[in-house]
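The values are calculated or read from the model by the stated rules, or taken from the named source; none is laboratory data. Bear in mind that the values here come from a model prediction, so they are computed numbers and not experimental data. Every residue, glycine among them, receives a Cβ derived from its backbone with ideal geometry; neighbour counts consider all protein chains shown. SASA here: full protein model, heavy atoms, side chains in, ligands and nucleic acids out. Shrake-Rupley method; radii C 1.70, N 1.55, O 1.52, S 1.80 Å.
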Amino acid sequence: MLFRMAFGESRAPHSRISPSTCIENEGGLRLADHVYIGPFNFLEASAGIELQEGVQITSFCSLVTHSSQVSQRLLGRAYATWSGEMPGFKRGAIEVGAYTFVGPHSLIEAGSRIGRGVLVCAYSQVRGDVPDFAIVAGQPAKQVGDTRDLDARYLEQHPELQVFYQAWQAPSVGTGSNKERAA
């Protein structure tokens, strides 16, 4: 399958987005470089989605920055014509830290902040904050490990990679609250 340019952004020349991925509110999506968004994903960015350097979104994932399901249930048919604040309506930006991997069929809910170097296992439902280097799994996702433990085996076998591994963990990579969290 071919990939499309990341909206022609000069700062993300190595980012790739599958043409089968649906992006709603494209203006709310901020991509760093080296981001990969695979086939058959849904990104709803009305409240903002930030994908920092090296993020990989595999396939059949959803990143949604709002949820109206409680509001619709509470208001019923009045939901379509309601003019005030929506009771139960949830809206929040999503931030995914540098070199995080989101496994297939995962859901990232509104307001979630995922740290750097995280592994989101397949079929996970992420809501809230995920610390740097966590391995998370389940619905809702819970921490089940630490990616540094996985990486240590490879770095022991290939010590020449240590310089590259440490470089992306530097505070200058990416933007936003994950940058401050890594400092």
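How far apart, in nanometres, would the label points at ARG127 and ARG16 be if each is projected 7 angstrom from Cα along the Cα-to-Cβ direction?
That separation, rounded to one decimal, is 3.4 nm.
Got a sec to turn the phi values of the stretch 14-31 into Karplus ³J(HN,Hα) couplings, 6.51 cos²θ - 1.76 cosθ + 1.60 with θ = phi - 60°, whole Hz, x for Gly and Pro?
9, 7, 9, 10, 5, x, 8, 7, 9, 10, 9, 6, 3, x, x, 9, 10, 10
Compute for the chain: radius of gyration divided by Kirkwood radius, i.e. Rg/Rh, restricted to C-alpha atoms, rounded to two decimals.
1.01
Sorted by mean Cβ packing within 10 Å, highest first, what order do the peptides 156-162, 134-140 take?
Packing proxy ranking, top to bottom: 134-140, 156-162.
Taking amide H positions as placed in the peptide plane 1.01 Å from N, state which residues far from VAL35 in sequence (5 or more) or on other chains have amide H under 5 Å from it.
Amide H neighbours of VAL35: SER15, ARG16, GLY54.
By the scheme Lys and Arg +1, Asp and Glu -1, what is the net charge of all other residues having a beta-carbon under 12 Å from that of SER62?
For residues surrounding SER62, the net value is -3.
For the stretch 13-54, just the Cα atoms, rotate onto the principal axes and tell me the three extents in Å, largest first.
Here the spans come out as 24, 19, 12 Å, largest first.
Could you order the peptides 93-99, 65-71, 29-35 from most to least packed, using the average number of other C-beta atoms within 10 Å per residue?
93-99, 29-35, 65-71
Could you report the chain's accessible area per residue, 1.4 Å probe, as an integer in Å²?
52
Kindly write out, for the stretch 68-81 in residue order, the coupling ³J(HN,Hα) from the Karplus curve 6.51 cos²θ - 1.76 cosθ + 1.60 (θ = phi - 60°), rounded to whole Hz, with x marking Gly and Pro.
Result, ordered by residue: 10, 4, 5, 4, 5, 5, 5, 8, x, 5, 5, 4, 5, 10 Hz.
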